[in-house]
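What follows is a set of notes on a single structure, which appears directly below.
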Amino acid sequence: MKIAGLLLLVLLSMTGVAQDRSLRVDPPFWWVGMENPVVQLMFHAEGIGTAEVLVNYPGVKLLRKIRIENPNYYVLDLEVSKDARPGKVQIVFEYQREILYAVEYELRARVSGSRERKGFGKEDVIYLIMPDRFSNGDLSNDTVADMFEAANPANPNGRHGGDIKGIIEITDYISDLGVTAIWLNPVQENNMQAYSYHGYAITDFYRVDPRLGSNEDYRALVDDCHEKGLKVIMDMVFNHCGGNHFWIKDLPMENWVHQFPEFTKSNFRAETAMDPYASDFDRERMLTGWFDTPMPDLNQHNEFLAEYLIQSSIWWVEYAGPDGIRMDTYPYSYKDFMAKWMDRILKEYPRFNIVGETWLQKESHTAYWQNQSPVSGTYDSHLPSVTDFPMQYALKDAFTDKEGWITGLNRLYYVLSQDLAYADPFMNVIFADNHDLSRFYTSIGEDYHKFKMAMAVLLTTRGIPMIYYGTEYLMTGEESKGHGFIRENFPGGSWESAVGSWQLAVGEEQLEAYDYLKILLNWRKNSEVIHQGKLKQFVPQDGIYVYFRYTDNDAVMVIINKNKEEKTLDLKRFNEVLKEFKKGIDITTKEQFFLESNINIKPETALILELK
Ligand code: CA
């Protein structure tokens with residue numbers, strides 16, 4: 001063995017990040033005072049697994065030392081007592097009485113108030129940002145010397161140079177728009193040769209991609225958002241990693257990833273997780289097949305990998321302070337592992353919220369993944385929020401299909417009527433589009449009236465609305481042309497050193513859309529009845545859909561008239577809600593409507609009335 005007689009002294013810097021890449025320890029540092037007193041350290045260095053290990057620090061006990069299959073890894077379980085003081089834990093790896101590696105592992109004091117991280121909820125509207133495409137605040141990091149892919153803004157699938165600094169520069173814009181939370185696609189390092197600007201091919205779980213900024217920049221963004229009343233949701237991925245991750249170059253254990261004699265793709269049928277008639281073959285293929293050639297599928301049934309992933313998520317929440325997590329491809333990881341992960345997160349942060357990406361076709365399949373779902377049998381995911389794809393399909397169909405018994409606006413009616421499958425459908429994250437779907441404005445044929453009606457539904461029906469960046473000025477893009485076309489650069493921003501000049505880059509109708517959304521969003525921000533109210537809907541008739549959000553004292557009436565002509569709406573049908581109220585005030589124009597026998601609704605209009 002090469003290392004015999006070799007003396008290597010590797011010290012960690014004050015920040016805990018290894019100066020010498022020849023030794024790596026994850027997590028890079030930890031905290032005293034966590035609910036779970038045990039932290040599992042994974043060391044990666046040549047031949048470290050052949051060494052003897054010594055740990056010396058008051059209040060820290062070496063519970064377990066595990067030599068895993070590959071001798072370049074060593075795993076230690078340390079118990080950190082509540083009385084241990086923050087400081088540097090001496091960890092020495094010896095071979096034949098000579099020091100191979102010596103590490104000063106940093107234990108920090110737990111971040112003040114971190115246990116009370118408040119989470120996001122029904123009062124919020126989320127704004128989804130693809131960091132590479134939103135705002136370029138630092139032209140010097142567009143290309144970074146030791147990263148494989150250089151910037152190429154002309155390539156729809158290339159890196160365009162957007163970064164965290166750029167987002168910080170326009171958080172005022174985001175806050176003014178009236179959204180209350182931002183979700184960024186993953187910010188962790190994606191050091192792949194091509195097509196990783198989206199962030200879902202993570203090559204280092206503990207490092208922000210240097211083309212987006214640094215870990216400190218991400219933390220600064222969270223702090224800045226908090227000062228402006230915005231929450232931050234961190235995107236995480238446990239199902240797969242990028243093929244250039246150091247694990248893949250030097251596998252810790254054979255079963256770290258799902259391996260096949262030849263490349264084997266997932267069948268992308270997440271329904272096999274709960275289909276009572278699913279074959280084992282299909283379910284295995286869904287769970288263990290790879291998403292794509294550069295994305296090895298991780299085996300969370302390996303206990304060390306499982307712990308690594310769980311700790312990485314806790315590390316980010318404690319270190320950077322986001323208010324929630326969006327977990328990618330939720331059903332594609334082992335579901336017992338995901339429930340365990342949820343328990344661990346909620347143990348450290350009881351008020352936290354997590355939304356799992358549950359991209360399924362049907363209501364009951366989606367509901368299955370939510371905490372205490374009535375349709376999940378003996379399985380409990382412990383997951384508070386799911387992404388409501390059935391609602392997204394219905395929202396599009398409602399405004400593109402002709403009216404019929406089960407079509408058009410009735411699609412919304414039928415989707416909502418199946419909410420009995422959910423434990424709490426008001427915690428579903430609802431959306432008109434996202435970074436994987438055609439831009440909503442494109443999918444409705446760039447019809448501005450339909451756009452306004454759909455946005456009115458999105459922001460007043462049950463659920464936590466999510467708006468994809470650029471929706472506010474009618475950004476277009478067809479998914480079938482390639483994902484680059486649905487993730488185009490946000491105009492203005494700071495792409496050409498023109499911070500905040502986006503209004504100059506768009507036309508009249510876009511500015512009108514922005515104003516409309518801004519009114520709706522800022523109204524929703526303060527509308528208790530939308531945050532806490534119940535929902536009552538009436539069967540759509542003659543192209544008109546009416547529903548109410550209501551509490552004991554207040555009510556909001558939403559009327560969608562899809563017809564191309566003005567309609568007179570007879571109010572008798574709504575007496576059970578209207579009886580207490582004399583008039584309604586249009587939240588966008590402040591016009592008053594007297595609720596006596598009927599009201600006139602303009603063509604292709606959403607009328608949102610606050611009832612008095
Ligand atoms: Ca940049």
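The values are calculated or read from the model by the stated rules, or taken from the named source; none is laboratory data. Since the model is a prediction, treat every value here as computed from it, not as a measurement. Here Cβ is always computed from backbone atoms with ideal geometry, including for glycine, and neighbour counts include all displayed protein chains. These accessible areas exclude ligands, DNA and RNA; they are computed on the full protein's heavy atoms, side chains included. Shrake-Rupley method; radii C 1.70, N 1.55, O 1.52, S 1.80 Å.
Computed over protein heavy atoms with a 1.4 Å probe, the carbon and sulfur contribution to the accessible area of the chain reaches 50%. Estimated from helices alone, the mean residue ellipticity of the chain at 222 nm is -6500 deg cm²/dmol (sum of -39500 (n - 2.57) over DSSP H runs with n ≥ 4, per residue).
Would you work out if the chain is rounded, prolate or oblate? Take a ≥ b ≥ c from the square roots of the eigenvalues of the alpha-carbon gyration tensor; rounded if a/c is under 1.5, else prolate when a/b is larger than b/c, oblate otherwise. Prolate is the answer for the chain, as a/c is 1.5 or above and a/b outweighs b/c. What shape does segment 144-194 take by its C-alpha gyration tensor, where a ≥ b ≥ c are the square roots of the eigenvalues and a/c under 1.5 counts as rounded, a/b above b/c as prolate, and the rest as oblate? Cα axes put segment 144-194 in the prolate bin. In the chain, Cα pairs under 8 Å separated by at least six residues give a relative contact order of 11 percent. Counted over the chain, the DSSP beta bridges are approximately 70% antiparallel.
Normalised by the number of residues in segment 28-167, the mean separation of alpha-carbon contacts (under 8 Å, six or more apart) gives a relative contact order of 21 percent.
Given a 1.4 Å probe and the protein chains all in place, what does the accessible area of Glu106 round to, in Å² to the nearest 10? It works out to around 30 Å².
Length gained on full extension, Asp380 to Ile99: 96.4 nm, using 0.36 nm per residue less the C-alpha separation. A cut-off under 13 angstrom between Cβ atoms defines the neighbours of Ser214, and their net charge, with Lys, Arg +1 and Asp, Glu -1, is -3. Computed with a 1.4 Å probe over protein heavy atoms only, the accessible surface of segment 280-324 comes to 28 Å² per residue. Report, by chain and number, residues whose modeled amide H sits under 5 Å from the one on Arg110, excluding near sequence neighbours (fewer than 5 apart, same chain). Under 5 Å from the amide H of Arg110 lie the amide H atoms of Val32, each far enough along the sequence or on another chain.
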